[in-house]
Amino acid sequence: MIKIIGTNKKAFHEYHITEKYEAGLELRGTEVKSLRAGNVRMSEAYAWPKDDELYLNNMYIGEFKQGNIHNHNPTRERKLLLHKKEILKLTAKAQEKGLNIVPLKIYFKNSWVKVELGLGKGKKMHDKRETIKKRDMEREHQRDYKVKG
């Protein structure tokens, strides 16, 4: 059973997403409790290789309200749990082709916290405008279809 906690809508606006991967996330107890409350923001988050591992940076998981002095730092680095081959493939593609590794959504899969990562190439300003035009045209088309139907 999958329960989506948060999505990164900004990633689809800023990047052309070519591939998607699913990764686990190493968290502390108060972070999981805060995620269950839906207290997450991932618009500025990105993944970065460090010592043959991938880490997720700048993902904000708010402090747990009922936490104590052992509460977590909201923007700390979090280790991504992937197979070694996947890590090597992701880092090679990111360095070779100038792609970025960005989180697309975070969700619970059964009782595990998972992150969907995307390999994305940054969009230029004219690409962003084109995406907005397509989305608006599709929305108008759906509206016309509802009215006629």
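The values are calculated or read from the model by the stated rules, or taken from the named source; none is laboratory data. Since the structure is predicted, the reported quantities are computational estimates derived from the model, not experimental observations. Cβ coordinates were reconstructed from backbone atoms using ideal geometry, including for glycine residues, and neighbour counts include every protein chain displayed.
Side notes on the structure shown:
- Residues satisfying the stated conditions in segment 110-149, i.e. within 22 Å of Ile5 (Cα to Cα) and in contact with a Gly (Cβ under 9 Å, 6 or more places away or on another chain): Trp112, Val113, Lys114, Val115
- Filtered residue count, segment 36-51, keeping only those that are out of contact with any Gly (no Cβ under 9 Å at 6 or more places or on another chain) and either buried (at least 17 other Cβ atoms within 10 Å of the Cβ) or at negative phi (or both): 9
- Complete set of residues in segment 1-35 that are surrounded by 13 or more Cβ atoms within 10 Å (Cβ to Cβ) and either among the small types (Gly, Ala, Ser) or without any contact (Cβ under 8 Å) to a residue 40 or more places away in the chain (or both): Gly6, Lys10, Ala11, Ala23, Gly24, Lys33, Ser34
- Number of positions in segment 77-87 that are surrounded by 15 or more Cβ atoms within 10 Å (Cβ to Cβ) and either free of Cβ contacts under 8 Å to residues at least 12 places away in the same chain or in contact with a Ser or Thr (Cβ under 7 Å, 6 or more places away or on another chain) (or both): 0
- Residue within segment 52-66 that is out of contact with any helix residue (DSSP H, G or I) (no Cβ under 7 Å at 6 or more places or on another chain) and crowded, with 19+ Cβ neighbours inside 10 Å present: yes
- If the condition is being closer than 23 Å to Tyr60 by Cα and either without any contact (Cβ under 8 Å) to a residue 40 or more places away in the chain or in contact with a Cys (Cβ under 9 Å, 6 or more places away or on another chain) (or both), then segment 88-129 contributes only Ser111.
- The residue that is nearest to Gly118 (Cα to Cα), among those in segment 37-79 that are among the aromatic types (Phe, Trp, Tyr) and in a strand (DSSP E or B), is Tyr46.
- Restricting segment 33-61 to residues that are among the polar types (S, T, N, Q) and at pLDDT below 90, the residue that is farthest from Gly120 (Cα to Cα) is Ser34.
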